[in-house]
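Asks: Sharing a structure below in structure tokens format, with a few things to ask.
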Amino acid sequence: FLIVLTIISFSVTMYFSLFGLDAHHDGVMMKNALDVANGRILYTESISQYGMLVSFIQALFIRVFGEHLWSIHLATTVFYVICYDVTYLICKRFVPRLFALVINLLILLSAPFYFWDFLPWSNVFGLCFLICCLYMILLFIESRKYVYLIFSAVFSAFSYFSKMPIGMVVYLALILLLILFYIISGFHKRWGKYIFVYLISTLLCCSAFF
């Protein structure tokens, strides 16, 4: 079912990415990505209105696929598909796989590019990292393994540097969630360690951007 969802979501999203042109979003995102791809430094040699991580990701696609608007649309398409795939992985932990597939196909049918131009904006990237963060924290709650907690911290930082309002909400929500578990556990030391690991992991990941 995951392969089916990937093929359908990529085909549909890629098709709609070929149409429409938004002078603001396409222009601004393309300019930042081109600057980074050509070695310019964001916020010093290039003005950016959006998260720096998005510019780096789109610059990578430009370096691989060429200096075309289609390149950053392809990057956005890939991250749309990751959103659907990871959402499917989350859903199938609670409902049968067929239901999980149907849920994600309904989400695909509610995508904004049916009604507006396809936009390579930072919201898609921020949402993608948010969903990945939720999946990691779910795996952590189930297994209590530090690796999932660390990855949730990494994805929350990536979400912040893609779309700051999204990332900040994710970061604070996970802290509150861990504190809630800490209280429910009767202030057990283990949950205190989990909170510390999450905070340090997020801090170290964020420091890599400066």
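The values are calculated or read from the model by the stated rules, or taken from the named source; none is laboratory data. What you see is a predicted model, and the numbers here were worked out from it, not measured in a lab. Counting neighbours? That spans all protein chains shown, and the Cβs are built from the backbone with ideal geometry, glycine included. Keep in mind that these areas ignore ligands, DNA and RNA; they rest on the heavy atoms of the full protein, side chains included. Shrake-Rupley method; radii C 1.70, N 1.55, O 1.52, S 1.80 Å.
Asks: Which numbered condition trips up VAL36, out of (1) under 14 Å from VAL124 (Cα atoms); (2) touching a helix residue (DSSP H, G or I) at 6+ places or on another chain (Cβ under 6 Å)?
Replies: With (1) under 14 Å from VAL124 (Cα atoms); (2) touching a helix residue (DSSP H, G or I) at 6+ places or on another chain (Cβ under 6 Å) applied to VAL36, the lone miss is (1).
Asks: What pairs come up if the first residue lies in the stretch 61-88 and is charged (D, E, K, R), the second is open to solvent by less than 20 Å² (accessible area, probe 1.4 Å) and assigned to a helix (DSSP H, G or I), and their beta carbons are under 7 Å apart, counting only those six or more places apart or on different chains?
Replies: Close Cβ pairs satisfying both conditions: ARG63/ALA37; ASP85/LEU5.
Asks: So how many residues does the stretch 149-165 have that are open to solvent by 40 Å² or more (accessible area, probe 1.4 Å) and among the hydrophobic types (A, V, I, L, M, F, W, C)? Spell out how you get there, then give the answer.
Replies: Residues of the stretch 149-165 open to solvent by 40 Å² or more (accessible area, probe 1.4 Å): 150-151, 155, 158, 160, 163-165.
Still in the list and also among the hydrophobic types (A, V, I, L, M, F, W, C): 150-151, 155, 158, 164.
Residues meeting the conditions: 5.
Asks: Same structure again: I need every pair where a residue in the stretch 121-144 that is over 22 Å from THR13 (Cβ atoms) has its Cβ under 6 Å from the Cβ of a residue that is open to solvent by less than 20 Å² (accessible area, probe 1.4 Å), sequence separation at least 6 or different chains.
Replies: Close Cβ pairs (under 6 Å, with a partner that is open to solvent by less than 20 Å² (accessible area, probe 1.4 Å)) amount to MET136/SER152; ILE137/SER152; PHE140/LEU149.
Asks: When you go through PHE99, PHE118, PHE79 one by one, which is the residue that is crowded, with 18+ Cβ neighbours inside 10 Å, over 23 Å from PHE155 (Cα atoms) and among the hydrophobic types (A, V, I, L, M, F, W, C)?
Replies: On the way: PHE99 fails: crowded, with 18+ Cβ neighbours inside 10 Å; PHE79 fails: over 23 Å from PHE155 (Cα atoms).
After ruling out the rest, the residue left standing is PHE118.
Asks: List pairs: first in the stretch 20-44 and among the charged types (D, E, K, R), second open to solvent by less than 90 Å² (accessible area, probe 1.4 Å) and modelled with pLDDT under 75, Cβ under 6 Å, 6+ apart or cross-chain?
Replies: Here the result reads ASP35/SER46; ARG40/SER46, each pair linking the stretch 20-44 to a residue that is open to solvent by less than 90 Å² (accessible area, probe 1.4 Å) and modelled with pLDDT under 75.
Asks: Write out, first by first residue and then by second, each pair whose Cβ atoms fall under 8 Å of each other, whose residues are 6+ apart or on separate chains, and whose first residue, in the stretch 161-189, is over 10 Å from GLY126 (Cβ atoms) while the second is open to solvent by 50 Å² or more (accessible area, probe 1.4 Å) and outside any helix (DSSP H, G or I).
Replies: Every condition considered, the pairs that remain are TYR182/HIS188.
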